[in-house]
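Novice: So that we are looking at the same thing, I have put the structure below in structure tokens.
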Amino acid sequence: MASETSSTPPGLETDRAPDASSPTEPAATEAAAEQPARAEPAKAFDRVFLVVVDNTPEMAVAIRYACRRALHTGGRVALVHVIEPADFQHWLGVGELIQQEARQAAEQLVQKMAAEVYQLSGSIPVIYIREGERTAEILKLLQEEPGISILVLAAATGNRGPGPLVTALTGRMVAQMRVPITVVPGNLTPEAIDKIA
């Protein structure tokens, strides 16, 4: 089951209600119903750079690169976090509790990253929170949201390869991609990113 939410970093509230009919305006879930709408509609931007929010060290590299590209090209950043199914759903009530906790943690993480995106790019990001298998949900989101132009990923820096998401989306699933993928080396410094983005 996929769900989406749209939210605004602290201090960036507006009074405009979300536009549920727009394909680039994610529908607010109950958890985000009290959050104010974004200040600017995604359709006002020609290019939307999608970044996957997770807890990997290289995520910060992908976010900075996407923000700088958006800033220099008049585009906008979108963030997606996928909550994967709990391992304990066969225990009555336990799986549900774990999912609720995962949802709260996801919203906190995405809000934190949204504030960073605003600081780096000057625009409030579009936010998606989905539930399901991560690679499948990202592919579905790209099909459902024609406003997304580019997927920005950062490769892991260890000796185990670029990471499972990069490996899947640039390998066996690349034929299912609707948009180009930019893979940024995960060891780039902020100064190096600012020079090339």
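The values are calculated or read from the model by the stated rules, or taken from the named source; none is laboratory data. This structure is a prediction, so every number in the text was calculated from the model and none was measured. Because the Cβ atoms are built from the backbone with ideal geometry, glycine has one as well, and the counts that use them run over all protein chains shown.
Novice: Which of the residues belonging to the range 149-164 are over 19 Å from residue 179 (Cβ atoms) and of a type in the set (Ser, Thr, Tyr)?
Specialist: 157
Novice: Is there a residue in the range 39-53 that is among the aromatic types (Phe, Trp, Tyr), modelled with pLDDT of 90 or more and either surrounded by fewer than 24 Cβ atoms within 10 Å (Cβ to Cβ) or in a strand (DSSP E or B) (or both)?
Specialist: Yes, that holds for at least one residue.
Novice: Tell me which of these residue 160 doesn't satisfy, since it passes every other one: (1) part of a loop (DSSP other than H, G, I, E, B); (2) in contact with a Leu (Cβ under 8 Å, 6 or more places away or on another chain).
Specialist: Condition (2) is where residue 160 drops out.
Novice: Show the residue pairs that are 6+ apart or on different chains and have beta-carbon atoms under 8 Å apart, the first residue being within the range 96-110 and free of Cβ contacts under 8 Å to residues at least 40 places away in the same chain and in a helix (DSSP H, G or I), the second being among the charged types (D, E, K, R) and loosely packed, with under 12 Cβ neighbours inside 10 Å.
Specialist: Within 8 Å, the pairs are 98/87.
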